[in-house]
Amino acid sequence: MRITTDWHIHSRNSCDEASLVMADLVTQASEQGIQSYGVTDHLHTPHNVQDVVASREEYLACRPGRGFHFGIELSVVSVWELDELRVRQERYTYGIREGGPPGAEPSLGASAEALHAFGVEYVVAGVHWPLYLPPDRDAIIADYHRQNMFLATHPLVDVIAHPWWWMGYWKDADGRYTTDPWLDDFGKIPRSMHDEFAAAAVEHGKAVEINLSATLMNQSYPESFGPQYLEYLADLAAGGVTFSIGSDCHSATYAPDFERAGAMLDSIGIAEEDLWRLPDREQYPSGEPMAGKRPATATPRP
């Protein structure tokens, strides 16, 4: 498969270590043969609003072509922490990650009105952490499934990001993740959870992300994880799931290994024509017609 889309990319405006300049993304995506793609900087809670505003400003400064879209990545947070953030004075870049009630009601940190105001064209949303649970494998598996199901049924979500990505407890001394909760054996997750998730994604019209760096080719995971994850994707495909491609690029250079990823997806019968994509725009985000327009180089922000 020749991959020509990428719907999960972070710019230097993201609240984490991402450092990509959008003008560079435009040039390098073209060099990589990526025809349709979008920038999706993080918004965990309303504390990240200024990052999204900066991302939108840099995006517009690029005079984006018809295939370059403005998206956002949301995290599952909780109703409890969103309520807490309204009264606390501290700044929480990643939300409140401790102290909440185990099994708290999940939520997203942005409303439909806010997303419209930001000019967001599509929403990628994912599970990034357990909701206030101790390092208990079975409890975390159940909680991650609960959160994935929340996303599969949420009306604001278009793409469910990196299902079963993990970074947290059980980190090895060398910085890798090779054991619990499911990295040494993906079979620890009950098959019934995968079937329920696939059915919900299909019923509610969600695309499920094939994340190249976070799951499919994550170098912090054991070598056995990639083949097991491919089997999982094949099972989802058999259940009728539609997939999207996301590089999850966080680096200063946009250079995902699309060739290797394409070969891996070929091995389980996933083809380019099966993938989710947004249609190209006929206008610039400002409303100007596209005809005769050319993207201009953006001036980097200080």
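In segment 160-173, the qualifying residues are those that are in contact (Cβ under 8 Å) with a residue 40 or more places away in the chain and touching a Ser or Thr at 6+ places or on another chain (Cβ under 6 Å), and the one that is surrounded by the most Cβ atoms within 10 Å (Cβ to Cβ) is HIS162.
Residues that are crowded, with 18+ Cβ neighbours inside 10 Å and out of contact with any Asp or Glu (no Cβ under 7 Å at 6 or more places or on another chain) are absent from segment 86-104 altogether. The set of residues in segment 44-69 that are more than 11 Å from ASN13 (Cβ to Cβ), touching an Asp or Glu at 6+ places or on another chain (Cβ under 8 Å) and surrounded by 21 or more Cβ atoms within 10 Å (Cβ to Cβ) comprises THR45, HIS69.
The residues of segment 1-46 that are basic (Lys, Arg) and closer than 30 Å to TRP80 by Cα amount to a single one, ARG12. Somewhere in segment 84-94, is a residue more than 25 Å from VAL39 (Cβ to Cβ) and within 20 Å of the chain's Cα centre (by Cα)? No, segment 84-94 has no match at all.
THR27 fulfils the conditions (1) farther than 30 Å from ILE270 by Cα; (2) surrounded by fewer than 18 Cβ atoms within 10 Å (Cβ to Cβ); (3) of a type in the set (S, T, N, Q) except for a single criterion, (1). Of all residues in segment 141-188, those satisfying the criterion of being aliphatic (A, V, I, L, M) and in contact with a strand residue (DSSP E or B) (Cβ under 8 Å, 6 or more places away or on another chain) are LEU151, ALA152, LEU156, VAL157, VAL159, ILE160, ALA161. Every condition in (1) out of contact with any helix residue (DSSP H, G or I) (no Cβ under 9 Å at 6 or more places or on another chain); (2) buried (at least 19 other Cβ atoms within 10 Å of the Cβ) is met by VAL157 except one, and the failing one is (1).
Yes or no: ALA110 within 20 Å of ALA18 (Cβ to Cβ) and crowded, with 20+ Cβ neighbours inside 10 Å?
Numbers: within 20 Å of ALA18 (Cβ to Cβ): yes; crowded, with 20+ Cβ neighbours inside 10 Å: yes.
Against the criterion (within 20 Å of ALA18 (Cβ to Cβ) and crowded, with 20+ Cβ neighbours inside 10 Å), ALA110 qualifies.
Report every pair of residues separated by at least 6 positions or lying on different chains whose Cβ atoms are under 7 Å apart, first residue within segment 270-285 and on the phi < 0 side of the Ramachandran plot and without any contact (Cβ under 8 Å) to a residue 12 or more places away in the chain, second in a loop (DSSP other than H, G, I, E, B) and among the hydrophobic types (A, V, I, L, M, F, W, C). Qualifying pairs under 7 Å: GLN283/MET290.
Determine whether segment 27-36 contains at least one residue that is in contact with a Leu (Cβ under 8 Å, 6 or more places away or on another chain) and at negative phi. Scanning segment 27-36, I find at least one residue that is in contact with a Leu (Cβ under 8 Å, 6 or more places away or on another chain) and at negative phi, so the answer is yes. Of all residues in segment 121-137, exactly one satisfies the criterion of being more than 17 Å from ASN48 (Cβ to Cβ), not aromatic (Phe, Trp, Tyr) and not in a loop (DSSP other than H, G, I, E, B), namely ARG137.
Hey, does segment 66-84 have a residue that's in contact with a Cys (Cβ under 9 Å, 6 or more places away or on another chain), within 16 Å of GLY119 (Cβ to Cβ), among the aliphatic types (A, V, I, L, M) and in contact (Cβ under 8 Å) with a residue 40 or more places away in the chain?
No, segment 66-84 contains no residue that is in contact with a Cys (Cβ under 9 Å, 6 or more places away or on another chain), within 16 Å of GLY119 (Cβ to Cβ), among the aliphatic types (A, V, I, L, M) and in contact (Cβ under 8 Å) with a residue 40 or more places away in the chain.
Go through segment 115-147 and give me each residue that's of a type in the set (Gly, Ala, Ser) and either surrounded by fewer than 19 Cβ atoms within 10 Å (Cβ to Cβ) or touching a Phe, Trp or Tyr at 6+ places or on another chain (Cβ under 6 Å) (or both). Please lay out each step first, then the result.
We begin by selecting, within segment 115-147, every residue of a type in the set (Gly, Ala, Ser); these are 117, 119, 125-126, 139, 142.
If the condition is that a residue be of a type in the set (Gly, Ala, Ser) and either surrounded by fewer than 19 Cβ atoms within 10 Å (Cβ to Cβ) or touching a Phe, Trp or Tyr at 6+ places or on another chain (Cβ under 6 Å) (or both), then ALA117, GLY119, ALA139, ALA142 are the ones that fit.
Close contacts from segment 1-13, counting a first residue that is hydroxyl-bearing (Ser, Thr, Tyr) and a second that is assigned to a strand (DSSP E or B), with Cβ to Cβ under 7 Å and a gap of 6+ residues or different chains, come to THR4/SER36; THR5/SER36; THR5/TYR37; THR5/ILE245; THR5/LEU275; SER11/VAL39; SER11/ASP41. Within segment 79-127, how many residues are within 21 Å of MET149 (Cα to Cα) and out of contact with any Gly (no Cβ under 9 Å at 6 or more places or on another chain)? Residues meeting the conditions: 17. All of (1) surrounded by fewer than 17 Cβ atoms within 10 Å (Cβ to Cβ); (2) of a type outside the set (Phe, Trp, Tyr); (3) under 30 Å from THR5 (Cβ atoms) hold for VAL77 with one exception: (1).
FYI, it's all coordinate maths here, none of it is from the lab. These numbers were taken from a predicted model, which means no experiment stands behind them. Glycine also receives a Cβ, built like all others from the backbone with ideal geometry; neighbour counts cover every protein chain displayed.
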